[in-house]
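Beneath this line is the structure, given in C-alpha cells, with notes to follow.
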Amino acid sequence: MSVPFRRYAVGRWESLWASHPYMSHRILIDLPARKVIAGEHRYFKEWHYMSLPDLEYMQQILNETFDDIFDEPQDYDFKLIDEPPYWAVCPWPWPRVPALTDDEEDAQDAGDE
C-alpha cells in the first residue's frame, strides 16, 4: 500500500534578513514544481504577505543552500498537505501596497538625496 502523494509542503523559516533576526516566515512550496508559491512574514505580532521579490529571494535561498527541502520537507519540520492553506490563497489587500525589504528602502532613501 503506497502513501498518497501530497502536492504541497508548508512550514516556518527563520529570518531572511540579518537586520531582522526575530522575523519569521511561513512558506508554501509546490513540491512537483519545486517552487515557493506563497509566503508571509511575521513581525509586530502579525502576519504580512511577502512581496514577489521576497518570494523570489526565498526561492533562491532554497535552491542554492537547502535544495533537499523539495525532496524531504519533513526534515525541515514542514507538513505535507493536499490543498494550500487559506492564508496562501486569500486575496491581497487592495490597492496593493508592496512590502519593502531593507534593500528597497535603502534604494528609495538614496533617491531622496
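The values are calculated or read from the model by the stated rules, or taken from the named source; none is laboratory data. Remember, predicted model here, so these are calculated numbers, not experimental data. Here Cβ is always computed from backbone atoms with ideal geometry, including for glycine, and neighbour counts include all displayed protein chains.
Scoring ARG12 on the criteria (1) free of Cβ contacts under 8 Å to residues at least 60 places away in the same chain; (2) within 13 Å of PHE78 (Cβ to Cβ) leaves a single failure, condition (1). No other residue among PRO95, PRO91 is modelled with pLDDT under 95, of a type outside the set (Lys, Arg), more than 14 Å from the chain's Cα centre (by Cα) and closer than 25 Å to ARG7 by Cβ apart from PRO91. Listed conditions (1) in contact with a helix residue (DSSP H, G or I) (Cβ under 6 Å, 6 or more places away or on another chain); (2) at negative phi are all met by PHE70, apart from (1). For region 22-29, the criterion of being in contact with a Gly (Cβ under 7 Å, 6 or more places away or on another chain), surrounded by 11 or more Cβ atoms within 10 Å (Cβ to Cβ) and not in a strand (DSSP E or B) is met by none of the residues.
Only one of the numbered conditions (1) among the hydrophobic types (A, V, I, L, M, F, W, C); (2) assigned to a strand (DSSP E or B); (3) out of contact with any Phe, Trp or Tyr (no Cβ under 9 Å at 6 or more places or on another chain) is not met by ALA38, and that is (3). Every condition in (1) basic (Lys, Arg); (2) out of contact with any Asp or Glu (no Cβ under 7 Å at 6 or more places or on another chain); (3) at pLDDT below 90 is met by LYS35 except one, and the failing one is (3).
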